[in-house]
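Note sheet for the following structure.
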Amino acid sequence: MRAERHEHAGAETRDFSIPGGCILCGGDLEVRMGPSGACSFCSACRWLSRPHMRRGDEGVEVIHPAGLLA
Ligand SMILES: [Zn+2]
C-alpha cells in the first residue's frame, strides 16, 4: 500500500500504467503525473524516464524524447 501525500495547492497527481509501454523491454510502464511533470518507471527493467505528456483526442499520449537509450 502506498501512502504518499503531497500538499500543493491546485496540484494534481495521477498515477496510471501503460501496458507494454516500456520502449526498452516492452514491460508495463508506470507513469506518475505530478506538478513538475511526468515520471515513468518500468518495474521490469527499472528504466526511469521523464516523458513528455500530451493530451490528444484519444487520451493522454506519452512521448519519450529520443536519445535516452543507454
Ligand atoms: Zn522495461
Residues of segment 39-61 classified as under 14 Å from residue 18 (Cβ atoms), under 13 Å from the mean Cα position of the chain (by Cα) and within 16 Å of the ligand (Cβ to nearest atom), total: 8
All positions within segment 24-38 that are under 14 Å from residue 50 (Cβ atoms), within 16 Å of the ligand (Cβ to nearest atom) and surrounded by fewer than 16 Cβ atoms within 10 Å (Cβ to Cβ): 32
Those residues of segment 17-56 which are in contact with a Phe, Trp or Tyr (Cβ under 9 Å, 6 or more places away or on another chain) and at pLDDT below 85, in sequence order: 33
Hey, residue 59 at pLDDT 80 or above and surrounded by 12 or more Cβ atoms within 10 Å (Cβ to Cβ) or not: no
Output for segment 19-40, where each listed residue is farther than 16 Å from residue 65 by Cβ and either in contact (Cβ under 8 Å) with a residue 40 or more places away in the chain or in a strand (DSSP E or B) (or both): 30, 32, 33, 34
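The values are calculated or read from the model by the stated rules, or taken from the named source; none is laboratory data. Here the structure is a predicted model, which is why all the values come from computation and not from measurement. Don't worry about glycine lacking a Cβ; one is built from the backbone with ideal geometry, like all the others, and counts go over all protein chains shown.
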